[in-house]
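Working notes for the structure below.
The values are calculated or read from the model by the stated rules, or taken from the named source; none is laboratory data. No experiment lies behind these values; they were computed from the predicted model shown. So basically every Cβ, Gly included, is an ideal-geometry build from the backbone, and we count neighbours across all protein chains shown. For the accessible areas, the whole protein counts, side chains as well, though only heavy atoms, and no ligand, DNA or RNA atoms are used. Shrake-Rupley method; radii C 1.70, N 1.55, O 1.52, S 1.80 Å.
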Amino acid sequence: FQSLRDMHFQIQNQWDLEFTNMWMWCCLILHNLILEIEEDFGVVSSNLEYMEEAERWGVPLIHK
């Protein structure tokens, strides 16, 4: 998610911290939903190689 990479946001108060935290959580939730939808439709994820490597290390990224 490019918005996280380019997120140059100074946290100057509690509201800034809460906004940044909310934005990151939304991106994480959306990412996980996309992975689940891809799996449900049998679409090969763009992260397939990464997921396979993670499973070889014993850290599955998708709960089956």
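When all protein chains stay in place and ligands, DNA and RNA are ignored, the 1.4 Å accessible-area order of Trp23, Trp57, Trp15, largest first, is Trp57, Trp15, Trp23.
Here the spin labels are modelled as points 7 Å beyond Cα on the Cα-Cβ line, and at Asp40 and Met22 they lie 2.6 nm apart. A simple rule links phi to the HN-Hα coupling: the Karplus curve 6.51 cos²θ - 1.76 cosθ + 1.60 with θ = phi - 60°, which for the stretch 20-28 gives 5, 4, 4, 4, 5, 4, 4, 5, 5 Hz, with x for Gly and Pro.
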